[in-house]
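This report concerns only the one structure given below.
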Amino acid sequence: MELFLDLYGFLSVVLRALALIARSVTIGTLFYILLLATPLAARFQPGDSALMLDSARRIGLRAGWVTLGATLLAVSLGLVALMGSLDVGLAQALGAGFALSGAGVLGFTVLAMLALLPHGAPGGPRMAVLGLAALGMLASAALGSHAMAREEARGPMLLATFLHQMGAALWLGGLPAFMAALRLGWAPAAAQAVGTRYSGLAAAGVLCIIGGIIGFYLGYIGTPEGLYGTAYGAMSLTKSALMGFLLLLGLGNFLLLHHFARGHAATVLPRVRRFVECEMIAGICIFGIAASLTSVPPAVDLPDDRVEWHEIVDRFTPQAPRLVSPNHEDLAIPNLQAQLDAEYQARQAPDRPQAFIPGEGLLPPRNAFDLAWSEYNHNIAGFIVLAVGLAALLDATRRVPLARHWPLLFMGLAVFLFLRSDPEAWPMGQISFLDSLRDPEALQHKLLSFLVVIFAVSEWLVRLSGKRTAAAYVFPLSMAAGGFLLLAHTHAIANIREALLVELSHLPLGAAAVVAACARWVELRSEPDGWLARLGRWTWPCCLIFISLILIFYREA
């Protein structure tokens, strides 16, 4: 049970993110059918309207199935964790707020899927059922949020949560259906009508999101100090920054759509698709932050354990990077293990004690040498990433043939991270590789190393071939996955203030990785010599350089 509870914190964030994404797409598709596809169906040819409605219907059904599976699994794991940690029975656990909320989401999702099964344009009764299902899913999800834990202003916070999630569904949740409509190959006038109508839905969604943000700030954060002095505030700021990036993409689409009237549909429509694809990539990572926020207490509930502004300034004032690593035997776990081994041999005890057992539910010991070890790891990794970014910029000039081998530098980073991320584990420590994976932080480190290897090899092969094959998309997808993991990254540090100071460096890393992923995606999906491709080709190496600077000047003390 201790192992399960250790891993549950990380797994629950991933499951909540998946459930939130699928639920938002399901609700967004319902709104898309109700407010866009059905009203516009009368203006199109019967075949075109049927294709638009049918593509949206299929997306809604697929998202519904994922919503059912992810929600059911998340609730089930939550029940196991609750029963194991509080020693309560299943009947009592089923009365928990998250279980009731999940049951509501499951019920209304089934209702939505039943209403989506019939083909053709929905009539009045079916439209009413689809609207009821969408609103019911939103209300059920809101009942499982932080708002239900508030003793004061519960109603306004429930309303803010409802508005925020409805806005995300209207804008981000409807993107897959909108993308499917753009791929139907319609005439420019029809594509313009769909794009203009969806722009209106997205604008309404943005207003709802802003309304929710205002409510969250007043109810959950309260003061500017709560923004930078707590994990909830810092994650909310990062989420807002990525939302600003999404707004820029949306603004680009809004401006592009107005070129249809000038006869540029052949060139504008592909660019609109590229921006929508980037919105979907960034949106997934934003949903990851939102899911992680549900496991963090609101800022107003931590009035006495906040990071002061001068601490942030002191921590992030650049100093000379650490270029010398501490000795491995001086680290807390190896040092303690050596002492225990000496006592074990002296007493000739039957069982050899271990200094730290992953998955036991206890925090690993740390000392000053551990902090220096971590700083050294980050600083050296920063220099490697800096070399990658500079080499990628040289490659972007198309004038240095040797620079196309820059992905190989990432292989060195992967090896470095694999060896040094968790020094208490194999191959440097005495804890076996499989046993080390029972620690959530070690598991995340190994996943990041694995992602680095994947996109390093694939991108190198792409550079050698000079062709845009499917392997070229491994790089942006891996960057997006790495950004997601960094944004949802958890640190098992007893000192909450110290944990936040560490988190403040990881959040911009994750955000920059998301922007880099979108830039590389745009480069690949645009005309090779077009301005969008050139913009993407120069943007993502700059993101890597930004990431490297954060790592080079990273400190933990």
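The values are calculated or read from the model by the stated rules, or taken from the named source; none is laboratory data. Just so it is clear, the model here is predicted, and its values are computed rather than measured. Cβ coordinates were reconstructed from backbone atoms using ideal geometry, including for glycine residues, and neighbour counts include every protein chain displayed.
Within the range 331-347, restricting attention to residues that are of a type in the set (S, T, N, Q) and surrounded by 13 or more Cβ atoms within 10 Å (Cβ to Cβ), the residue that is nearest to Leu227 (Cα to Cα) is Asn335.
Taking the range 132-176 as the range and being small (Gly, Ala, Ser) and closer than 25 Å to Leu302 by Cα as the test, the residues that pass are Ala141, Ala142, Gly144, Ser145, Ala147, Ala149, Ala153, Gly155, Ala160.
Residue count for the range 418-449 satisfying the condition of being assigned to a helix (DSSP H, G or I) and in contact (Cβ under 8 Å) with a residue 12 or more places away in the chain: 14. The criterion of being crowded, with 18+ Cβ neighbours inside 10 Å, of a type outside the set (Val, Ile, Thr) and out of contact with any Pro (no Cβ under 9 Å at 6 or more places or on another chain) holds for Leu448.
Of all residue pairs spaced 6 or more apart or on separate chains, those with beta-carbon atoms under 6 Å, a first member in the range 387-409 that is farther than 22 Å from Leu549 by Cα and a second member that is in a helix (DSSP H, G or I) and not aliphatic (A, V, I, L, M) are Arg404/Asp395; Arg404/Arg463. Inside the range 296-330, residues that are exposed (fewer than 14 other Cβ atoms within 10 Å of the Cβ) and in contact (Cβ under 8 Å) with a residue 24 or more places away in the chain make up a count of 8.
Picking from residues in the range 300-328 that are under 18 Å from Val502 (Cβ atoms) and under 26 Å from the mean Cα position of the chain (by Cα), the one that is modelled with the lowest pLDDT is Leu302. Screening Ile289, Ile333, Ile312 for residues that are in contact with a Leu (Cβ under 8 Å, 6 or more places away or on another chain), of a type outside the set (S, T, N, Q) and closer than 17 Å to Glu556 by Cβ leaves exactly one candidate, Ile312. His506 satisfies every condition listed in (1) modelled with pLDDT under 85; (2) surrounded by fewer than 22 Cβ atoms within 10 Å (Cβ to Cβ); (3) of a type outside the set (Asp, Glu); (4) under 30 Å from Val296 (Cβ atoms) except (1).
Which is in a helix (DSSP H, G or I), surrounded by fewer than 17 Cβ atoms within 10 Å (Cβ to Cβ) and either modelled with pLDDT of 90 or more or not assigned by TED's automatic domain parsing to the domain that holds Trp406 (or both), of Leu544, Leu549? Answer to the check: Leu549.
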